[in-house]
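The values are calculated or read from the model by the stated rules, or taken from the named source; none is laboratory data. The model shown is predicted, which means the values in this text are computed figures rather than measured ones. Counting neighbours? That spans all protein chains shown, and the Cβs are built from the backbone with ideal geometry, glycine included.
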Amino acid sequence: MQIEKTKLKDCVLLTPKSHNDARGYFMETYRESWMEDLGSYNGAFVQDNQSFSHYGTVRGLHLQTGKYAQSKLVQVVHGHILDVVVDLRVNSPTYGQHLAVELSSDNNIQLWIPKGLAHGFSVLSESATVCYKCDAYYNKEAEKGIYPLDQTLQIDWRIPNDKQRISPKDLELPSFNDFKA
């Protein structure tokens, strides 16, 4: 497993070692001992989520707050996405900054997202299946988010405006400035 720090505090990229041959490949995608070195991992995943989306879909930016705040380990098992996180931890040195990284079933890179970061992604391939482990259960009352097209954040989702598929719920999320207020 290769672990690479990112510009956001405690947010890291993990690349499992893939064993390839004429039959295909084998890789370990998770081992608790890898996570223990991250510092922001609490030692227990309690929920796995999976989504399937078509090209142009933009999901997010979402997070859980309070006692339901979630850290996530995100991977793509089919397709290609641009995964985006925004640091919303007020006392973090990277507060308000975002990170965008390409995750795909070809590069096998996983993204560790600690609590306090909003998460979203856009689908760059014809379709994509995204899986992620969470260390806290989903709770509707703890769900928050930021408008994905917020001009303050200047996120390039790499999808032309006329091709973007965004849920009505995500289009009504508050701006970054309104969220932090």
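Table for the structure above
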quantity	calculated
Candidate set from the stretch 75-99 (those that are more than 21 Å from Phe176 (Cβ to Cβ) and in a strand (DSSP E or B)); member that is nearest to the chain's Cα centre (by Cα)	Gln75
The one condition in (1) surrounded by 14 or more Cβ atoms within 10 Å (Cβ to Cβ); (2) at pLDDT 95 or above that Asp135 fails to fulfil	(2)
Among the residues listed as Val58, Val46, Val12, the single one being in contact (Cβ under 8 Å) with a residue 60 or more places away in the chain and touching a helix residue (DSSP H, G or I) at 6+ places or on another chain (Cβ under 8 Å)	Val58
Among the residues listed as Asp150, Asp170, the single one being part of a loop (DSSP other than H, G, I, E, B) and of a type outside the set (A, V, I, L, M)	Asp150
Breaking point among (1) of a type outside the set (D, E, K, R); (2) out of contact with any Cys (no Cβ under 7 Å at 6 or more places or on another chain); (3) in contact (Cβ under 8 Å) with a residue 60 or more places away in the chain; (4) assigned to a strand (DSSP E or B), for His119	(3)
Complete set of residues in the stretch 53-73 that are in a strand (DSSP E or B), surrounded by 13 or more Cβ atoms within 10 Å (Cβ to Cβ) and not hydroxyl-bearing (Ser, Thr, Tyr)	Val58, Arg59, Gly60, Leu61, His62, Leu63, Gln64, Lys72, Leu73
Residue match in the stretch 30-47 (condition: within 29 Å of Glu126 (Cβ to Cβ), modelled with pLDDT under 90 and in a loop (DSSP other than H, G, I, E, B))	yes
Residue in the stretch 100-110 that is nearest to Leu153 (Cα to Cα), counting only those that are in contact (Cβ under 8 Å) with a residue 40 or more places away in the chain and in a strand (DSSP E or B)	Ala100
Filter pass, Val85 being out of contact with any Phe, Trp or Tyr (no Cβ under 9 Å at 6 or more places or on another chain), buried (at least 16 other Cβ atoms within 10 Å of the Cβ) and among the β-branched types (Val, Ile, Thr)	yes
Complete set of residues in the stretch 122-137 that are over 12 Å from Glu102 (Cβ atoms), in a loop (DSSP other than H, G, I, E, B) and of a type outside the set (Asp, Glu)	Ala136, Tyr137
Test: residue in the stretch 103-119 that is crowded, with 19+ Cβ neighbours inside 10 Å and touching a Phe, Trp or Tyr at 6+ places or on another chain (Cβ under 6 Å)	no
Boolean, Lys180 is at pLDDT below 95 and among the basic types (Lys, Arg)	yes
In the stretch 122-151, residue farthest from Arg165 (Cα to Cα) [restricted to those that are among the polar types (S, T, N, Q) and in contact (Cβ under 8 Å) with a residue 40 or more places away in the chain]	Asn139
In the stretch 56-82, the residues that are touching a Lys or Arg at 6+ places or on another chain (Cβ under 7 Å) and hydroxyl-bearing (Ser, Thr, Tyr)	Thr57, Thr65, Ser71
